[in-house]
Amino acid sequence: MHKAERAIIMAAGMGMRLRPATNDIPKPMVKVNGVRMIESIIRGLYANGIHEIYVVTGYKAEAYDLIKPLYPDVRFVHNPYYETRNNISTMYIVREHLHNCICIDGDNLINNPEILKPEFEYSGYAGIEISHETAEWLMVTDKNRFVQYTTKGGNTGWQLFGVCHVSEEDGKRISRYLEEEYIRNRNYGIWWDEIALFLYRDQFRFQVHPIHWGDIQEIDCFSELCELDPGYLKEMAE
C-alpha cells in the first residue's frame, strides 16, 4: 500500500464556461450552496490528515487572499503561464511535490471526503463505471487497470474524475517526463494527465479507484451551476 503525504490542487484555469460566476473570481472560489469548491477540497484533505497542500493559482490569483488566513499551512504557488499554456505548465511548476501525492482539479466539489483517503494500492484516478453516453474522458479497463483511453467520451467504461492518487515511484517518473515534454519538447498544449495515460502509458500501471455518483461534482458550465444552486438564477433575475 502507498500513502499520500501531500496534495496538489490545480487552480490556475480561467473557468470561461462558468461565466458570469467567474467574471471576478477563479472557478475554484465559486460557492455552491454556500461552500467554495476549493474549500470543500481543502477540508476533505484535512479530514484525511493531509495538511501539506499546494494550490497552483493563475487567473484572478488575488482572490485567494480571502481564504489564505483560514488555511495558513496551505501553500499558494502562482503559474504565470495560465493564459497561454495548458495545465502541463501548472504541474511542471510543482513537479517536485508530485510523489506520494493526491492531485485534484480545483473546480471539483467534494461531497464525500472518503475519496481523498491517503491509502491506495496503485496510482490511478477516481472513476465511476457507466453504461450511458458521456463526453468526459473515458477509460476501458481489465480488472480495474486502464487498457484503453479516450478523451472523446463514449458509452461504456469508467468516467474519469479529477482526483488522482500518485505513488512515490510514479510521481518521480512523471516528473522526469514532465521535464522532457515541457522543457525539451516544448509541448505546452497538453494536459499533464496525458503523460501517464497516453504519451508514456507503457511506463505506468494506473488503475481505477471506484467512487459513487454524488461523491464528487464537476461543474462544467453556468447552467450546471444553476441546477445545483438555484440561487444564481435568482441573482441573475435581480
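HN-Hα J couplings of the range 80-92 from phi, Karplus 6.51/-1.76/1.60, θ = phi - 60°, integer Hz, Gly and Pro as x?
Along the range 80-92, the couplings run x, 9, 4, 7, 10, 10, 6, 6, 4, 5, 5, 6, 4 Hz.
With r as the distance between the Cβ atoms of ARG43 and LEU66 and R0 = 22 Å, compute the FRET efficiency 1/(1 + (r/R0)^6) and round to 0.05.
Working from the Cβ atoms, E equals 0.90.
For the range 14-125, what is the convex hull volume of the alpha-carbon atoms per residue, in Å³?
Per-residue hull volume (Cα only) is 115 Å³.
Step through the residues of the range 195-209 one at a time and calculate ³J(HN,Hα) from phi using the Karplus curve (6.51 cos²θ - 1.76 cosθ + 1.60, θ = phi - 60°), rounding each to whole Hz and writing x for Gly and Pro.
Couplings: 4, 7, 8, 10, 5, 10, 4, 6, 9, 10, 10, 5, 10, 7, 10 Hz.
Can you give the FRET efficiency to the nearest 0.05 for ARG17 and ASN185, using r as the Cβ-Cβ distance and R₀ = 30 Å?
Result of the calculation: an efficiency of 0.55.
Can you report the principal axis dimensions of the range 2-237 using only the alpha carbons, biggest first, rounded to whole angstrom?
52, 38, 35
Using the alpha-carbon centroid of each, what span in Å lies between the range 153-172 and the range 70-103?
18 Å
If the reach is capped at under 25 angstrom between alpha carbons, list the lysines near LYS68, excluding any in the same chain fewer than eight residues apart.
Leaving aside lysines fewer than 8 places away in the same chain, those within reach of LYS68 are LYS27, LYS31, LYS60, LYS117.
Semi-axes, largest first, in whole Å: what does sqrt of 5 times each Cα gyration tensor eigenvalue give for the range 159-238?
35, 18, 9
Which order do the peptides 10-18, 200-208 take when ranked by the mean count of other beta-carbon atoms within 10 Å per residue, highest first?
Descending packing order for the listed peptides: 10-18, 200-208.
With the cut-off at 15 Å, report for the range 61-148 the share of all Cα pairs above it, as a whole percent.
I get 75 percent for the Cα pairs in the range 61-148 exceeding 15 Å.
Suppose only helical runs count, i.e. DSSP H with n ≥ 4. What mean residue ellipticity at 222 nm does that imply for the chain under -39500 (n - 2.57) per run, divided by all residues and rounded to the nearest 500 deg cm²/dmol?
Roughly -5000 deg cm²/dmol at 222 nm, from the helical runs in the chain.
Here, each number is a calculation from the coordinates, and none is a lab measurement. Computed from a predicted model, the values in this text were never measured in an experiment. Note: ideal-geometry Cβ built from the backbone for every residue, glycine included; neighbour counts use all protein chains shown.
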